[in-house]
1. Residue by residue through the range 190-213, note down the ones that are of a type in the set (D, E, K, R) and touching an Asp or Glu at 6+ places or on another chain (Cβ under 8 Å).
2. Tell me, yes or no, whether the range 41-53 has at least one residue that is on the phi > 0 side of the Ramachandran plot and either among the polar types (S, T, N, Q) or within 19 Å of the chain's Cα centre (by Cα) (or both).
3. Do the conditions hold for residue 166, that is, is it at pLDDT 95 or above and open to solvent by less than 20 Å² (accessible area, probe 1.4 Å)?
4. For the range 75-92, enumerate the residues that are open to solvent by 50 Å² or more (accessible area, probe 1.4 Å) and closer than 14 Å to residue 130 by Cβ.
5. Restricting the first residue to the range 37-62 and requiring it to be closer than 16 Å to residue 199 by Cα and open to solvent by 40 Å² or more (accessible area, probe 1.4 Å), which pairs with a second residue that is within 14 Å of the ligand (Cβ to nearest atom) and among the small types (Gly, Ala, Ser) meet a Cβ separation below 7 Å and a spacing of at least six or different chains?
6. I need a count of the residues in the range 96-123 that are in a helix (DSSP H, G or I) and surrounded by fewer than 20 Cβ atoms within 10 Å (Cβ to Cβ).
7. Taking residue 118, is it under 16 Å from the mean Cα position of the chain (by Cα), over 24 Å from residue 190 (Cβ atoms) and not acidic (Asp, Glu)?
Amino acid sequence: MAWFKKARKKIKAPTEKPSRVPEGLMVKCPGCGQILYNKDLTTNLNVCHKCAHHFRMNATERLRMLFDDAWIEYDRGLVSTDPLGFTDTKAYTVRLKAGIEKTGLKDAVITASGTIDGVRTMVAAMEYEFIGGSMGVVVGEKIARLIERAIESRSPVIIVCCSGGARMMEGALSLMQMAKVCGGLARLDRERLPYISVLTDPTTGGVTASFAMLGDLNIAEPKALIGFAGPRVIEQTIRQKLPEGFQRSEFLLEKGMLDLVVDRRDMRSVIANALRFMGAKRSEPARVAEAETAPAAEAASDGPDSPGSNVEPRPL
Ligand SMILES: [Zn+2]
């Protein structure tokens with residue numbers, strides 16, 4: 001029965017020649033197939049020059065894009081304690097450790113304050129590379145604290161969503177964060193302070209079902225995947241074929257789920273305009289005017305306990 005068995009030797013795959021192009025120098029655009037230099041892509045805010053495909057952006061790049069200059073980061077040290085002792089194919093602690101090593105962050109969000117076109121603003125930017133940008137206790141707590149700070153300092157809030165939803169490994173505790181953050185946003189609303197939600201690819205699950213859709217203005221990036229459950233689950237449930245472009249920004253804008261779809265390269269100016277429209281004032285001119293009218297007070301406050309750069313935010 002030799003003819004049942006492969007008597008001949010297997011064909012050998014040619015050993016790969018080492019590429020002369022260094023790793024990470026170029027990337028192929030999934031939108032138009034063009035080969036792009038990573039360097040050019042970075043200078044263009046990770047947007048393809050040819051077809052305007054929006055590549056994913058990490059949380060730090062996002063803050064750099066939005067703020068005028070340096071920002072103050074909050075609660076950097078908060079880390080998950082694995083409250084359920086959760087293990088699936090890997091232990092949750094192992095996943096956390098991998099996420100920390102990969103991103104240099106302790107969890108999937110950076111919260112910070114800085115100025116956007118002169119307006120003092122609180123911004124939370126989610127990091128997809130950290131366990132899919134999922135929202136666990138730490139993400140919820142950091143965002144809730146940011147909102148408290150915004151209320152104290154009378155500043156607007158912006159949350160840049162990029163998340164797969166609530167974090168499975170923290171079970172009901174992650175689901176509770178939806179209510180906690182929404183409660184904070186309700187308080188912000190009662191204080192008449194603006195909240196802008198920026199939805200990027202992807203924004204799904206518990207994040208869409210809570211704070212991502214609660215903005216006074218909900219702005220999305222082009223062609224971002226935004227939804228609650230995935231299209232396959234929906235198709236199987238309703239037993240219908242889903243329309244073209246389902247769960248993408250443009251489709252949602254047409255159906256009234258979003259207020260705007262904005263190219264990333266215009267995002268900063270659109271947000272700055274919106275903040276001004278909603279009554280936010282630039283903090284710089286007020287500071288200059290005060291310095292001019294009260295030079296004595298300025299000189300007096302130049303003591304050892306006033307760290308010059310750490311100016312208190314102005315009320316709106
Ligand atoms: Zn392209």
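1. Quick first cut of the range 190-213, residues of a type in the set (D, E, K, R) only: 190-192, 201.
Of everything in the range 190-213, just one residue is of a type in the set (D, E, K, R) and touching an Asp or Glu at 6+ places or on another chain (Cβ under 8 Å), namely 201.
2. Taking every residue of the range 41-53 in turn, at least one turns out to be on the phi > 0 side of the Ramachandran plot and either among the polar types (S, T, N, Q) or within 19 Å of the chain's Cα centre (by Cα) (or both).
3. no
4. 76, 79
5. 53/31
6. Count: 6.
7. It is false that residue 118 is under 16 Å from the mean Cα position of the chain (by Cα), over 24 Å from residue 190 (Cβ atoms) and not acidic (Asp, Glu).
Every residue, every condition in (1) of a type in the set (Val, Ile, Thr); (2) within 23 Å of residue 133 (Cα to Cα); (3) free of Cβ contacts under 8 Å to residues at least 12 places away in the same chain, yes or no:
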residue: 206; (1), (2), (3): no, yes, no
residue: 222; (1), (2), (3): no, yes, no
residue: 226; (1), (2), (3): yes, yes, no
residue: 238; (1), (2), (3): yes, no, yes
residue: 257; (1), (2), (3): no, yes, no
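The values are calculated or read from the model by the stated rules, or taken from the named source; none is laboratory data. Quantities reported herein were computed from a predicted structural model and do not represent experimental measurements. Cβ sites come from the backbone with ideal geometry, for glycine too, and all protein chains shown count toward neighbours. Heavy atoms of the whole protein, side chains included, go into the accessibility calculation; ligands, DNA and RNA do not. Shrake-Rupley method; radii C 1.70, N 1.55, O 1.52, S 1.80 Å.
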